[in-house]
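Only one structure is covered here, and it is reproduced in the block below.
The values are calculated or read from the model by the stated rules, or taken from the named source; none is laboratory data. What you see is a predicted model; the values in this text were computed from it and never measured. Note: ideal-geometry Cβ built from the backbone for every residue, glycine included; neighbour counts use all protein chains shown. In case anyone asks, the SASA skips ligands and DNA or RNA and just uses the protein heavy atoms, side chains included. Shrake-Rupley method; radii C 1.70, N 1.55, O 1.52, S 1.80 Å.
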Amino acid sequence: QIKNPFIIPGLKKVNIDSQLKSSFNFDNFIEGDCNRLARSAGYAVAQKPAGTAFNPLVLFGGVGLGKTHLAQAIGNEIKRLYGNKTVLYVTSDKFTNQFIDALKNNAINDFVHFYQLIDVLIMDDIQFFAGKEQSQEEFFHTFNALLDRNNQMVLTCDKYPKEIDGLEERLKSRLGWGLPVVIDPPELETRAAVLLAKASSMGCHLPNECAIYIAQRIR
């Protein structure tokens, strides 16, 4: 059994460490007007991976708005509901570094076969593929292969995919096949609710008035 997903297993079906953090789940993802659509779409995907029109599901928005939390919550929920599915969370940088290692070691076939084992691929920060032509090429083929096998993809980026400079047009087109959904900056009430939830998780009693006071001054 290979627990580390970045040890290339070739064609053999193996147990793969999903690289997910168990602390990222739907229960502690604070919902507000800023992220309600994204959460609803993510929950639908988690209930029926590759069984909705949201494939790929592309979550986009600024830094620190919960894209990674929601993406990993989807993965954790799928693992809970479908224990037989292979789920992998990976950043685009990790994908690129693994691809470079495969090139160096003449192991491209193993690299390709590894990603074909994945039932649910969650890839974070795809904007960092910009300008990396070979990585984009390989991700493009991985994308097509997973869709052909009716496997689910959840992707995140910092802006609407078609607005990412340095991405090939054909890749931008593929990213629009499913559902791109924005996560906006949270309104005051959601910021306060996040503060209260974080405080509670650390065993700290934070009065509502204090949470609102902080939320009014920190956006």
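Count the lysine pairs in region 62-160 whose Cα atoms lie under 25 Å apart, taking only pairs 8 or more positions apart in sequence or on different chains.
Eligible lysine pairs with Cα atoms under 25 Å apart amount to 12.
Using the Cα centre of the chain as the reference point, and only Cβ charges (+1 on K/R, -1 on D/E), how large is the resulting charge dipole? Debye, rounded to the nearest 20. Before the final figure, lay out each step's value.
Numbers: 24 positive and 24 negative charges, 104 e Å.
About 500 debye.
Treating the angle as unsigned and between 0 and 90°, give the value, to the nearest 10°, between the Cα long axis of helix 208-217 and the longest Cα principal axis of the chain.
With both axes taken from Cα atoms, the answer is about 60 degrees.
Rounded, prolate or oblate for region 117-188? Axes are the square roots of the Cα gyration tensor eigenvalues, ordered a ≥ b ≥ c, and the cut-off for rounded is a/c under 1.5.
Since a/c reaches 1.5 but b/c is at least a/b, the shape of region 117-188 is classed as oblate.
Between the helical axis of 36-47 and the dominant principal axis of the chain, each derived from Cα atoms, what acute angle in degrees is found, rounded to the nearest 10?
Tilt of helix 36-47: around 50 degrees.
What ³J(HN,Hα) values, in whole Hz, does the Karplus curve 6.51 cos²θ - 1.76 cosθ + 1.60 give for region 194-199 when θ = phi - 60°, with x put for Gly and Pro?
3J(HN,Hα) across region 194-199, in whole Hz: 4, 4, 5, 5, 5, 4.
Give the shape of region 110-157 as rounded, prolate or oblate, defined through the alpha-carbon gyration tensor: a ≥ b ≥ c are the square roots of its eigenvalues, a/c under 1.5 means rounded, and otherwise the shape is prolate if a/b is larger than b/c and oblate if not.
oblate
Picking from PRO186, ILE118, PHE143, whose Cα lies most toward the positive end of the charge dipole for region 109-218 (charges on Cβ: Lys, Arg +1; Asp, Glu -1)?
PRO186
Go through region 92-100 residue by residue and turn each phi into a ³J(HN,Hα) via Karplus (6.51, -1.76, 1.60, θ = phi - 60°); whole Hz please, and just put x for glycine and proline.
Per-residue couplings from phi come out as 5, 4, 5, 4, 4, 5, 5, 5, 4 Hz.
With contacts defined as alpha carbon pairs under 8 Å and 6 or more residues apart, what's the relative contact order of the chain in percent?
This gives 27 percent for the chain.
Quick one: check the C-alpha center-to-center distance for region 84-99 versus region 154-219, whole angstrom.
Result: 22 Å between the Cα centres.
Suppose all protein chains stay in the model; what accessible area per residue would a 1.4 Å probe give for the chain, in Å²? Provide the component values of the computation, followed by the final result.
Working: 11210 Å² over 219 residues.
Accessible surface, normalised per residue, equals 51 Å².
Report, to the nearest 10°, how far helix 67-81 tilts away from the longest principal axis of the Cα atoms in the chain, using its own Cα long axis and a range of 0 to 90°.
Result, in degrees: 70.
Carbon and sulfur together cover what percent of the accessible area of the chain at a 1.4 Å probe radius?
Working: 5640 of 11210 Å².
Carbon with sulfur: 50 percent of the solvent-accessible area.
Show me, for region 130-139, the HN-Hα J-couplings you get by feeding each phi into the Karplus relation (A = 6.51, B = -1.76, C = 1.60, θ = phi - 60°), rounded to Hz, glycine and proline as x.
These are the phi-based 3J(HN,Hα) values: 4, x, 9, 5, 5, 5, 4, 4, 5, 5 Hz.
Would you calculate, for the chain, the mean residue ellipticity at 222 nm contributed by helices, counting each DSSP H stretch of 4 or more residues as -39,500 (n - 2.57) and dividing by all residues, to the nearest 500?
About -13500 deg cm²/dmol.
Taking Cα extents along the principal axes in Å as the quantity of interest, determine which of (1) 53, 41, 30; (2) 60, 39, 32; (3) 81, 43, 33 was computed from the displayed structure.
The value matching this structure is (2).
Please list TYR82, TYR115 in order of solvent-accessible area, largest first, computed with a 1.4 Å probe with all protein chains present.
TYR82, TYR115
Using the Cα centre of the chain as origin and beta-carbon charges of +1 (Lys, Arg) and -1 (Asp, Glu), tell me which of ASN15, GLY176, ILE212 is placed farthest towards the positive end of the dipole.
ASN15
How many angstrom lie between the Cα centre of region 14-36 and the Cα centre of region 42-76?
9 Å
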